[in-house]
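**Student:** A single structure is presented below for examination.
Taken together, the values in this text are just the output of simple stated rules run on the coordinates, not laboratory data. For clarity, every value in this text was computed on a predicted model and none was experimentally measured. When we count neighbours, we look across all protein chains shown, and the Cβ atoms used for this are built from the backbone with ideal geometry, even at glycine.
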Amino acid sequence: MHFVRAHRRLTSWLAMLVMVFGALAPAVAQAMVASSDRADWVEVCSASGMLWVKADGSGAVDAGMDEPMSDASQHCPWCNLHGGAAGLPPVAHVAGFLDAPADPVPAFSRASEPSAVWAAPQARGPPLAS
């Protein structure tokens, strides 16, 4: 009993620790990026591998972009997993349930005789000494 209680306590503490790390990971990641000397650099995936590209912080924004490139690190994919997640879209049409037939199905209206497969097997045991 003591082992079960200790196991539950350890599991509870581990779950709470994981939740705290999950809540603090985005803030710690942004603080590390802001404190590094590469705060204005962005890592970009290309055909030849990962490249570091200097972000243009001049304030020139394309018509299709809402924010400058230097703000790209503010919303990481980890934040979007749990922070900006929307619910499922509403269902346009719900199909109704089929009504059960009024009369029972003829094949199952009465019990049939058991087949040979379901017959009781013959007793097994050592042969009688004769």
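**Student:** Can you give the FRET efficiency for A92 and M19, using 1/(1 + (r/R0)^6), R0 = 41 Å, r = Cβ-Cβ distance, to the nearest 0.05?
**Tutor:** My answer for the efficiency is 0.70.
**Student:** By how many nm would the segment from A120 to W41 grow when fully extended, if each residue of separation counts as 0.36 nm and the alpha-carbon distance is taken off?
**Tutor:** Gain on extension, A120 to W41, equals 20.6 nm.
**Student:** Sticking with this structure for a sec: Rounded, prolate or oblate for region 4-43? Axes are the square roots of the Cα gyration tensor eigenvalues, ordered a ≥ b ≥ c, and the cut-off for rounded is a/c under 1.5.
**Tutor:** Prolate is the answer for region 4-43, as a/c is 1.5 or above and a/b outweighs b/c.
**Student:** Going by amide H atoms built from the backbone, whose H comes under 5 Å of the H on W41, apart from near neighbours?
**Tutor:** Counting only residues 5 or more places away or on other chains, the set is A55.
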